[in-house]
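Every number here is computed from the coordinates shown, using simple stated rules; none is lab data. Remember, predicted model here, so these are calculated numbers, not experimental data. Every residue, glycine as well, gets a Cβ built from its backbone with ideal geometry; the counts of neighbours run over all protein chains shown.
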Amino acid sequence: MSYQYEGCCSCGETIFSIVLSTPINNYAPRACDCNFCTSRGIAYLSDPLGKSEINSHQPLVKLKQGSNQAHFFGCSSCDSIVAVGYLFNAGFRGAVNATLFNDNNRLQPAVIASPKLLNADEKVERWKKLWMTITL
């Protein structure tokens, strides 16, 4: 069984859907404690068994931060960060900004994550385990 949820950036130009393996109330998003994420109030949600699709009326803005490994995708109209991801050999995987979900009030409280404490290889290994397939 799968569970589908939707969300959008603050201006509504970029929308996304996510398919989770269990109901959304079983998930606690990860709030990265870096300056980039904390200044934007971002918490990320992913399900290794799930998938997400992001659609935008305008091209997404693509940014790199920290170790410059992952790509952050934002709405070009309102600058909301919608997702973060990494291109693996098997395809693009990532996490979506849980604060933008229509049903984000049903999520468990965010858990603080400190990826800046990991080296480059450790980050990639962590992402392989936690992130889901994302289609842009």
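At a glance:
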| quantity | calculated |
| --- | --- |
| Cys with no candidate disulfide partner in the chain (beta-carbon separation under 4.7 Å rule) | C8, C34 |
| Extension gain, S39 back to N105 (0.36 nm per residue minus Cα-Cα distance, nm) | 21.7 nm |
| Peptide ranges 102-114, 16-28 listed from the most packed, as the mean C-beta count within 10 angstrom indicates | 16-28, 102-114 |
| Two-site FRET efficiency, S114 against F88, from Cβ-Cβ distance with R₀ of 22 Å, rounded to 0.05 | 0.50 |
| Loop-located chymotrypsin sites (Phe, Trp or Tyr not before Pro) in region 65-126 whose Cβ has at most 16 other Cβ within 10 Å (DSSP) | none |
| Length added when fully stretched, H57-N25, from 0.36 nm per residue minus Cα-Cα | 8.6 nm |
| Low-density loop positions, trypsin sites (Lys or Arg not before Pro), region 16-88 - DSSP coil, at most 15 other Cβ in 10 Å | K64 |
| Scattering profile of the chain at q = 0.12, 0.14, 0.20 Å⁻¹ [log10 I(q)/I(0), Debye over alpha-carbon scatterers] | -0.41, -0.57, -1.26 |
